[in-house]
Each structure stands twice: as structure tokens, then as C-alpha cells.
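**Student:** Okay, handing you the structure first.
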Amino acid sequence: MAPDGSSKIERTEVDRVVIRFAGDSGDGMQLTGERFTSASAFFGNDLSTLPDFPAEIRAPAGTLPGVSAFQIHFSDHDILTPGDQPGVLVAMNPAALKANLKDLISGGLLILNSDAFERKNLDKAGYATDPLEDGSLDSYQVYKIPMTKMTIEAVKDFDVNKKEAERSKNMFALGVICWMYSRPLESTIAWLEKKFAKKPNIAQANIACLKAGHAFGETAELVAFEVKPAVLAPGRYRRVTGNQALAFGLIAASVQSKLPLFLGSYPITPASDILHELSRHKNFGVRTVQAEDEIAAVTMAIGASFGGHLGVTTTSGPGLDLKSEAIGLALQLELPLVVVNIQRGGPSTGLPTKTEQSDLMHAMYGRHGESPLPIVAAYSPPSCFWAAIEAARLAIKYMTPVILLSDGYLANGAEPWRIPSVEKLPDISTRFASQPNVGDDFWPYLRDDDTLARPWAIPGTAGLQHRIGGLEHADGTGNISYDPDNHHYMTLLRQAKVKAIEEDIDPLEFDADEGAKVLVLGWGSTYGAIGAACRRLRLRGKKIARAHLKHLNPFPKNTEQVLRRFDTIVIPEMNMGQLSKLIRSEFMIDSISINKMKGLPFRAGELEEHLLELV
Amino acid sequence: MSDEVMNERGVTEGSGPVTTLTRADFASDQEVRWCPGCGDYAILSAVQGIMPELGIPREKMVFISGIGCSSRFPYYMNTYGMHSIHGRAPAIATGLATARPDLTVWVVTGDGDGLSIGGNHLIHALRRNVNIKILMFNNQIYGLTKGQYSPTSEQGKVTKSTPFGSLERPFNPVSLALGAEAAFVARTMDIERKQLPAILRRAAAHRGSAFVEIYQNCNIFNDGAFIALTSKGGAGANRIYLEHGKPIRFGDDAERGVMMKPDGSLAIVDIKDVGEPALLVHDEHRDDPGLAFALSRLANGPTTPTPLGIFRDVERPVYGDGMEAQLRRAASEQGPGDLTRLLESGDTWQVGASSN
């Protein structure tokens, strides 16, 4: 049944759809995608999204570098990725068409704002002839809709100027798509009313456009589809991006550890949203400082940790470079510290808004001296919540800096999230030292026998005054020591402390078909694409196994045992084979690398093709 | 939330007895290892000497340093302390003081640590007015790395790394601090037996950032850098003691002074030429830092008459206080943090039967 109650529309039922909204970076495509996503979530579909926007805030209008896109994959079953190739492309101008057409499946639906296809814009996009006229789009199902004109017409009764009117055309486009896929408009209308509460004329103009687009879809008798709600585990859901989940996870870690959260951070793409999100939640006692630089950000967090807070710093690759020395200090001080690295394309400034997994080696070895620390990796947007709590748990329990690896794809991508029950979150609280531990003295490096962690005595505790520092020190007393044997011993001890964590983390799970000889091993954001590729291979009758690492240092204790069950290990990574190298050096197990350094996540289809040759 | 946690663990209440501490109570059991004759000894002694007067329990005191000779300081104090990495002490102290407003946090740094590798953190700590006391030992040389020129070395300085003489104009640390919006700025010397502790007391009493430049003689790599002020005769001729509310005058017989010229600049004058009423009266609490800045420019390096004392002492909002106020405001406006409510904020939807 159509949302307006009429039932005469014939809707073709499909199980999943991939739509890409593309336009100029000023056209509001991210917002359009977001609203469509919300409507789909409300409708009960499973979904996954991928924004793709330029590094420039406003590249010149109408040009290829200025194109901003948002892809959503929604379905009536559980899905793992934002989809390989869109079946539907909404292009608001010639540049958006040109930049995205190559991805559209053959025979796909093309919805174009025909008003934007004027000579000036065609020139900017580099079209010699008008693609709407020259037959180059013949292999697609094309809808040319004069969106700008119809938008201006729709808002003529509202008190808005021409510029404001034209800016509403994204809502017209959204209305069209909502009609085609039978999405309810209510959530978007409510959202517009709230967003423009202080400018009711703008709210009403946008709502009019949304409705006009919807009505156009119906009167023009565009193709109409139906994607039924997915069967998801019962519970209350919300949509969450990786960065949002990560921020929530840090707050949860603060609550569950009973330690106030302190974030030192310097703005950097694509990590800044964590700073933004945490800054909003001061009612949890969250202190956020926008530091003068990356080094200040991490060292402020170290200072806060010294004072008994949960010290956290968030950054992306270039910032991690700058923080390296301070992370080594935290390691030497043996203070808890969570370092969140939202990886992006490198080296140097590289690709700030694009994703990559190329900081694994940096996390492992990117400090001078022998400086091991635990590494946790998120693997889906919602899993960033878990990863934050896990990183904090390890940092607090083992008195160590921990690096949490996420990436730009997880950070900005969104998925529905079954909201966890707070009662079921782990208790990660610790005890501060309160008494002398050697007679009347307090030794800051007298360790716990099980965890090898030193006691955490915070300023303000009478009788436990002590000094710690970056210089090598004797175990136990913490006094400066240049003794050769002591340094050898301390080096081994710091490694042993991290290694011992393998007893305290989940074993590596694997999912294997009976008789499978090939194991696909992944880490981080390749989780969804690997899962989807394996699912497709199984549908083709192939036998395959998969496993996904959530701890990169130490590896789960059973990792070698799992890997040795299979003849062939395949490791897809968005880098030149960093996990492959670690696996080889740790276990003497060779693997086949599938590498992609394009700033974009793997597509399930490309992995499927690679794997097909191996199974 | 932080208060609750601290109380629950009985930490913030664990203050020891305050009344009977002596200088010796603030000395740690570590052997002091500066070179014999180093100016640092006198500063350590002065700091340990004023500590008992402050009435603050040792466990509430934290000394944080970076790298360099001066940065060994925390090891010698029987308080909490951290010997961190080069230049970062002001940032570490910012984190600690912001997380724990109940603590008294001191930073000990040098001209290389504070003005070169850590210059950025120093100016931003002062700009924010974080509640930390920064003691910058200025010996105009890199000591721990064995004698390279520093950002306060005079132009033309011949060192191991500048055999043909340094090409760089030095920083004037007091000018720099004033330019960074510091609310409390002072200068003194390691050998100032009375003024040094007096200024340390004032710095301790100041709420917010306090910046104290301490001329400190490195008798190994830069001996005599302050000879113009420390030599016989130099004390009278070249030390200009700034006293609040008093005309600025100096000299063996207080025969010279500082006057403002009609163009607004300051000049050193003979009182017999201009008369005492023409002298500038020092005002530490002047809101506009212009005059304090002009005073800091009277000497470019300690080779001519040089002002010592408190250049500026004004009240400005303290960073940590602002942070605490925002936390309280958020808790009163949004209610105390509720994790379930946070996770269920925004658009949510129910799949299947509601668990309620």
C-alpha cells in the first residue's frame, strides 16, 4: 500500500536496493541521504550507508571535484556493506552524473535534475555534448525531471528568496525517491519542523518540496518498488555512525569504570566528530579540551590519567605520528591512556576524507625503542562502541596506553544498532592504591602478580607521594636506573605485560564450511565486505572459511591454531599487506594478500571474484 | 560525577596533617645530581623553603617537568611528580589541573624546554590561564646536551653548534609571556635570597597561570651570563627592583629611575635631571599589559639595567573554573548523565516485541 493510503499503485517487490545520491557539495546530498536512511530505518529495513564527500568544504560549484555523494544499501534481510554498485543514481547536475555514472549497474535507474543540464554546467563537467540528448545514456532507465523549476513553483507561496528556494530541490528529489520506494514522509517532515523551528517559512517551503516530489512520482507514474522490512533481532534500534558509537562507548567506559572521562583532542578529519559528540555530554562529567596541537592533546590526556581520570585522545594518521613520543611516555610511565586513530589515506596529508587501513604497522611499531602496547580494532560502525569499552578496559586493568584503530569508512558509515542493555555492560572499574605497599613506603612499580600492572596512586592520596618519569627506572621502586641488567629486564617485562593480555581477550572465532580449505582472515572495516563475499561464494556452492581479528596485539591465544586448520590463508586489507606481515613474522604462516589502496572500501563483488580463483 | 568517584574511593579526603611540615618534609630521598655550583640548588632550596608556608598538604602538590637540567626538579621534591618529555610539561599540567582542580600544580622548565621545543604549550597554557605555576629557569644555554645556544642566548653566541656565532635574536621571556596574555608574570634570579622566595609565594597565591622567569647561572656551559647583574657593583647598577605602588628607581644610591617619555616609551633617567615626581610608579594590577610590556623591553638581555620583580598580577577567569562551571551547568540543565537515555537518544525504533 502506498503511504498516502491509495492502493492502486503496482509496486515491484525487490529484496534490496542500492541508491546513490550525488550532487554539488552545496546541494545537500549528505542530508538527503541521511533523511532517506532514517525513513528506511523507521520502515524496518536493514541498511548500511557510505558518505563520500570531497576534502574541500566548497569546491567550485558544478565541477567534478565538488561532487558529494551518499550511498545507501537497504534490504529485507541483514546486509553487511553499503553495496557495491548502485542500482539507482540520483544526479543533481552534469558533474555528479559524470563522476558517478561509471558505478551504476547496466540498466540501472538514473534520476536526473534536467534543469541543471545547461551548457555552462556541461562545460564545467567536461561534457562536449549533452548526455540527455546524445544517446550516451541509452543503456539506462532515465528519468529527466525539471527539479529546479518544480521546486521554485512549489515554494512560490512561501516567503523565501530564490536562493533559498533553489536549495530546497534536494527535498524535492527526496520526495521523488521516497515515493518510488514507498518510504513514509512523516519522519522527514517532523525533522524539518524541528530543524527549522525558528524559521517556519523555510520549514514549510522544504516540506512543500518534499510533498511536491512525492506527488510528482505518483502523477508521473514513475516505477515503484517495495522493499519489505527486514527480520532483525527484537529490540530497540537506532542508527549509529562509527564515530558516534565510539563516543558513546567512551562515555560508557567512563560510567563502567567509575572514572571521569577526559578527552584531549585536536581537530582532524575524520576524527573530529568524536570530539564534537563528547563535547555535548558534559553532564556525564566529560571534560573535553581542544588542545593547541596533537602533542598537547595526548599529553593533556596523560596528565589527566595521572590524576585518576580516564585519559583519551582521538586523532587520525598524521596526528598519530605527532603523538608517538607521548604514547611512549605513557607506556614508560605505565599509565592508562586510550589513543583512538581513525585511519585515513596516507602518507602525509594523503586522502583526509578517504579510508585506508594503513596504520597497523604504525600502531604496532611506530615508536622508538621496544615499545609494545595493546591494539584493538573496530570492525563495523556499531562495533566502535564495543571497541571503546574494550580499549578502556585493557588500559585501566593493565596500566598501559592502548591504540584503538577505526577508519574513515567506519567513522562516517552508519548502520542500525540494536541498543545494548546498560545492565549487561562489563564492569571495568579499578581500585586506586590507598596504602603504602612496602612497609611505610610506596613503590610505584611494585606489580600485581597476575596482570603485571603497577598500582595507580593518584595525587591527593596521603602518604603515597611518588615521582614517575620517562627515564628508565628500577622495577619496584621506580627510581632512575641506568643498570644494564635492569633495562634488559624492564624491556622484557613490558613485552610480557602486553603478551599476557592474550589470556584475557576473546579467542578468535571462525566460521567455516565443512571441508573448507581457504580461510579469509580480516581485521577492521573489511568485515562487512568479507562477510558478503563469503555469503555469495556459498550461494555459488563454494566452501570457504572466515575469521576476523578484533585484537591485533596481542593476537588471541588460539590464532595460530585456527590458521593452521586451513591450507590457504587469504588476507584482504586496504594497505600493502600489513596484517600479512605480522602473521608471517609471528607464526611463520604465509598468506595471500588482497590489497586495495584506493581510499575506498572493498566491494563484496571484487572480493568474491578474487576468492573465486582460490577456492 | 568526578566528586562522587573521588569520595567513594576516599581519595580526596585523604589529606594528611598540614600544620607541622618543614622544609625537610618536602625533600625526597633522592640524591640531588646537578653540577656543583649550579644555580638550580638555590632554586630548589627556595621552593622547598616556601612549601611549608603554603599550608597545602604534600599529597596535593604536583611538580611536572619536561627534559633538561631543570627538569630533574620533581625527583627532589617529596610531592607527587612527573619527569615527562621535552617541552610538554605545560600540556601535561594543563590536563592534570583541569581534571583535578583540587591540586596545586607546578611546572619546572628551562629556556630550551619551555621556549624552544615546548614554546607552543607554554603560550597556550598562559593564554588559557590554567591554574599552574610555571618556573622557567633561564640559563641562556642548553646544559644537558652540553652547551648549544638556546632561544634566549644572545645573538652572536659562540657555542658548539654555532662556532661562527648564533644568528638568532633571542626571546625576551617576560615579553613573550605578556604577549601570550599571561596574568601573572615575574622575573627573579637564583641568587636573590629574598626576592626569589617572595615571588614564589606570590606565584603560589595567584589563582591561574603564574609565569616566573628565574635567571639561573650555568657555571659549566655559560658561566657569568648574568655577570652584569651579579658582579660587585652590578647589583646596584643594573638590578631594577619593581615594587608595586612605588616609583621605579635603582642604583647604588637609588639615583636613577624609569620615566615615561611623551611618546609613550620608557627611558632610564637620572633623577637629578628629571626630578622624582617624573618617575613611573609601578602598578602590577594594571589591566592593560602595555606598560608591563614596555618595562620588559627596558633590557634586551641581562647586560644592562634589568627589571626584576612582578611585572603583572591581574585576575582573569581560570580555565579549570570555567570547565567546572560548564560541567555543573550541563548537569543542572540536562540532568546527571544517564547512559540508557544517551544510547536511546535521537530516532529509535522497536523491532519485535518491546522488552518492557
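**Student:** Can you spot a residue in region A:381-388 that is surrounded by 24 or more Cβ atoms within 10 Å (Cβ to Cβ) and over 26 Å from residue A:530 (Cβ atoms)?
**Tutor:** There is no residue in region A:381-388 that is surrounded by 24 or more Cβ atoms within 10 Å (Cβ to Cβ) and over 26 Å from residue A:530 (Cβ atoms).
**Student:** Now a separate question. Any idea which of (1) crowded, with 19+ Cβ neighbours inside 10 Å; (2) at pLDDT below 95; (3) acidic (Asp, Glu) is the one residue B:263 doesn't satisfy?
**Tutor:** The number of the failed condition is (1).
**Student:** Give region A:449-471 a look and list any residue that's facing chain B (nearest Cβ under 7 Å) and either among the charged types (D, E, K, R) or not in a loop (DSSP other than H, G, I, E, B) (or both), or say none.
**Tutor:** A:467, A:468, A:469
**Student:** Moving to a separate point now. Only one of these conditions is not met by residue A:480: (1) free of Cβ contacts under 8 Å to residues at least 12 places away in the same chain; (2) out of contact with any strand residue (DSSP E or B) (no Cβ under 6 Å at 6 or more places or on another chain). Which number is it?
**Tutor:** Residue A:480 satisfies all of (1) free of Cβ contacts under 8 Å to residues at least 12 places away in the same chain; (2) out of contact with any strand residue (DSSP E or B) (no Cβ under 6 Å at 6 or more places or on another chain) except (2).
**Student:** Quick check on region A:123-142. Is at least one of its residues assigned to a helix (DSSP H, G or I), under 17 Å from residue A:64 (Cβ atoms) and open to solvent by 80 Å² or more (accessible area, probe 1.4 Å)? Lay out the reasoning, then the answer.
**Tutor:** Of the residues in region A:123-142, the ones assigned to a helix (DSSP H, G or I) are A:123-125.
Subset that is under 17 Å from residue A:64 (Cβ atoms): A:123-125.
Within this subset, residues satisfying the condition of being open to solvent by 80 Å² or more (accessible area, probe 1.4 Å) are A:123-124.
Yes; the residues of region A:123-142 include at least one that is assigned to a helix (DSSP H, G or I), under 17 Å from residue A:64 (Cβ atoms) and open to solvent by 80 Å² or more (accessible area, probe 1.4 Å).
**Student:** Report yes if residue B:150 is among the small types (Gly, Ala, Ser), without any contact (Cβ under 8 Å) to a residue 24 or more places away in the chain and in contact with a strand residue (DSSP E or B) (Cβ under 6 Å, 6 or more places away or on another chain), otherwise no.
**Tutor:** Here the answer is no, as residue B:150 does not meet what is asked.
**Student:** Take residues that are under 19 Å from residue A:84 (Cβ atoms) and tell me which of the strands (runs of 3 or more DSSP E) falling wholly in region A:506-591 contain 1 or more.
**Tutor:** On the way: elements: A:510-512, A:518-523, A:545-549, A:551-553, A:568-573.
Fully inside region A:506-591 and qualifying: A:518-523, A:545-549, A:568-573.
**Student:** If you don't mind, there's one more thing I want to ask. Checking residue A:436 against (1) under 30 Å from residue A:380 (Cβ atoms); (2) touching a residue at least 12 places away in the same chain (Cβ under 8 Å); (3) more than 11 Å from chain B (Cβ to nearest Cβ); (4) open to solvent by 30 Å² or more (accessible area, probe 1.4 Å), which single condition isn't satisfied?
**Tutor:** (1)
**Student:** It is to be established whether one or more residues within region B:174-191 are under 26 Å from residue A:303 (Cα atoms), assigned to a loop (DSSP other than H, G, I, E, B), open to solvent by less than 10 Å² (accessible area, probe 1.4 Å) and away from every other protein chain (no Cβ under 14 Å).
**Tutor:** Yes, because at least one residue in region B:174-191 is under 26 Å from residue A:303 (Cα atoms), assigned to a loop (DSSP other than H, G, I, E, B), open to solvent by less than 10 Å² (accessible area, probe 1.4 Å) and away from every other protein chain (no Cβ under 14 Å).
**Student:** Pairs under 6 Å by beta carbon, first residue at positive phi in region B:64-83, partner outside any helix (DSSP H, G or I) and at pLDDT 95 or above, six or more apart or different chains?
**Tutor:** B:68/B:110
**Student:** For the list (1) open to solvent by less than 10 Å² (accessible area, probe 1.4 Å); (2) in contact (Cβ under 8 Å) with a residue 40 or more places away in the chain, I need the number of the one condition that residue A:108 fails.
**Tutor:** (2)
**Student:** Only one of these is within 14 Å of chain B (Cβ to nearest Cβ) and either within 19 Å of the chain's Cα centre (by Cα) or assigned to a helix (DSSP H, G or I) (or both): A:81, A:37. Name it. I'd like the intermediate steps shown before the answer.
**Tutor:** Details: A:81 fails: within 14 Å of chain B (Cβ to nearest Cβ).
On inspection, the qualifying residue turns out to be A:37.
**Student:** Let me ask another. Kindly establish whether residue B:109 is open to solvent by 10 Å² or more (accessible area, probe 1.4 Å), more than 8 Å from chain A (Cβ to nearest Cβ) and either closer than 29 Å to residue B:166 by Cα or not acidic (Asp, Glu) (or both).
**Tutor:** no
**Student:** In region A:217-250, which residue that is assigned to a loop (DSSP other than H, G, I, E, B) and within 8 Å of another protein chain (Cβ to nearest Cβ) is surrounded by the fewest Cβ atoms within 10 Å (Cβ to Cβ)?
**Tutor:** In this case the residue turns out to be A:233.
**Student:** Something else: Counting only residues that are more than 24 Å from the chain's Cα centre (by Cα) and either in contact (Cβ under 8 Å) with a residue 60 or more places away in the chain or under 21 Å from residue A:408 (Cα atoms) (or both), which one in region A:574-609 is least open to solvent (accessible area, probe 1.4 Å)?
**Tutor:** Only one residue fits best here, namely A:583.
**Student:** Just give me the residues in region A:273-304 being more than 8 Å from chain B (Cβ to nearest Cβ) and touching a residue at least 40 places away in the same chain (Cβ under 8 Å), in sequence order.
**Tutor:** A:273, A:274, A:298
**Student:** Among the helices (runs of 4 or more DSSP H) lying completely within region A:154-214, list those that include at least 2 residues that are open to solvent by 70 Å² or more (accessible area, probe 1.4 Å).
**Tutor:** In region A:154-214, the matching helices (runs of 4 or more DSSP H) lie at A:162-167, A:186-195.
**Student:** Here's a follow-up. With the requirement that a residue be within 22 Å of the chain's Cα centre (by Cα), in a loop (DSSP other than H, G, I, E, B) and charged (D, E, K, R), what does region A:256-293 give you?
**Tutor:** A:280, the sole residue that qualifies.
**Student:** Further question: State the number of residues belonging to region A:324-372 that are farther than 23 Å from residue A:259 by Cα and of a type outside the set (Gly, Ala, Ser).
**Tutor:** 23
**Student:** Looking only at region B:52-79, count how many residues are in contact with an Asp or Glu (Cβ under 8 Å, 6 or more places away or on another chain), within 18 Å of residue A:460 (Cα to Cα) and more than 8 Å from chain A (Cβ to nearest Cβ).
**Tutor:** 1
**Student:** Take residues that are in contact (Cβ under 8 Å) with a residue 24 or more places away in the chain and among the small types (Gly, Ala, Ser) and tell me which of the helices (runs of 4 or more DSSP H) falling wholly in region A:331-428 contain 2 or more.
**Tutor:** Helices (runs of 4 or more DSSP H) meeting the threshold: A:383-398, A:408-412.
**Student:** Quick one: which of B:333, B:324 is at pLDDT 95 or above, within 14 Å of another protein chain (Cβ to nearest Cβ), surrounded by 14 or more Cβ atoms within 10 Å (Cβ to Cβ) and in a helix (DSSP H, G or I)?
**Tutor:** B:324
The values are calculated or read from the model by the stated rules, or taken from the named source; none is laboratory data. None of these values were measured; they are calculated from a predicted model. We place every Cβ from the backbone using ideal geometry, glycine too, and count neighbours over all the protein chains shown. Heavy atoms of the whole protein, side chains included, go into the accessibility calculation; ligands, DNA and RNA do not. Shrake-Rupley method; radii C 1.70, N 1.55, O 1.52, S 1.80 Å.
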